[in-house]
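Asker: Can you read through this structure? Questions will come right after.
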Amino acid sequence: MERTALAQSDRRFRRPFLLRQHQHSMADPQIVNNTAQQRFELKLGGHTASLFYTRERNTLRLIHTEVPEALQGHGVGSQLVGRVLNLAQQQGLTIIPSCPFVADYLKRHREFLPLVDAAHRRLIDTGD
């Protein structure tokens, strides 16, 4: 009986402990540009968050962000998008934010607005 209670107790605390590990290991996760699958990847705790894109010359269209359930709610998606926008800025790329998560991120981080293609920038500026 005591062993069962201990097993249940362990199960109850296992997931929060893993999430705390994710938070501590997020200090500087590596972003990988997986060109074969046209996505940027952030690997953390055995999980991979992805930002899918297409690229034409100097324009990067950010299409879709995926964050595994185990990493959701811990800023992993925002960190991925922010790091990709920094890379785009360093490489002089123009951004087209087709992903709603990226568009919302840009609304909160207006310092990246100059990267957004002029035809799409008004969508971020007006909040549409």
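Asker: Can you tell me which condition residue 54 does not meet? The list is (1) modelled with pLDDT of 95 or more; (2) in a loop (DSSP other than H, G, I, E, B), and all the others hold.
Answerer: It is condition (2) that residue 54 fails.
Asker: Within the stretch 43-78, which residues are within 14 Å of residue 112 (Cα to Cα) and in contact with a strand residue (DSSP E or B) (Cβ under 9 Å, 6 or more places away or on another chain)?
Answerer: Of everything in the stretch 43-78, those that are within 14 Å of residue 112 (Cα to Cα) and in contact with a strand residue (DSSP E or B) (Cβ under 9 Å, 6 or more places away or on another chain) turn out to be 60, 62.
Asker: Residues that are touching a Gly at 6+ places or on another chain (Cβ under 8 Å), part of a strand (DSSP E or B) and at pLDDT 95 or above: does the stretch 63-78 have at least one?
Answerer: Checked the stretch 63-78: at least one residue is touching a Gly at 6+ places or on another chain (Cβ under 8 Å), part of a strand (DSSP E or B) and at pLDDT 95 or above.
Asker: Based on what the data block shows, is residue 41 at pLDDT below 95 and closer than 21 Å to residue 30 by Cα?
Answerer: no
Asker: For a quick check of your reading of the model, give me the residue pairs whose first member lies in the stretch 36-63 and is free of Cβ contacts under 8 Å to residues at least 12 places away in the same chain, whose second is of a type in the set (Val, Ile, Thr), with beta-carbon atoms closer than 6 Å and at least 6 apart or on different chains.
Answerer: Final answer for the pair search is 41/32; 41/48.
Asker: Let me ask something else about it. Among the residues of the stretch 75-127, which ones are surrounded by fewer than 13 Cβ atoms within 10 Å (Cβ to Cβ) and within 13 Å of the chain's Cα centre (by Cα)?
Answerer: Listed by number, the list holds a single entry, 100.
The values are calculated or read from the model by the stated rules, or taken from the named source; none is laboratory data. Keep in mind that this is a model prediction, so the values were computed, not measured. Cβ coordinates were reconstructed from backbone atoms using ideal geometry, including for glycine residues, and neighbour counts include every protein chain displayed.
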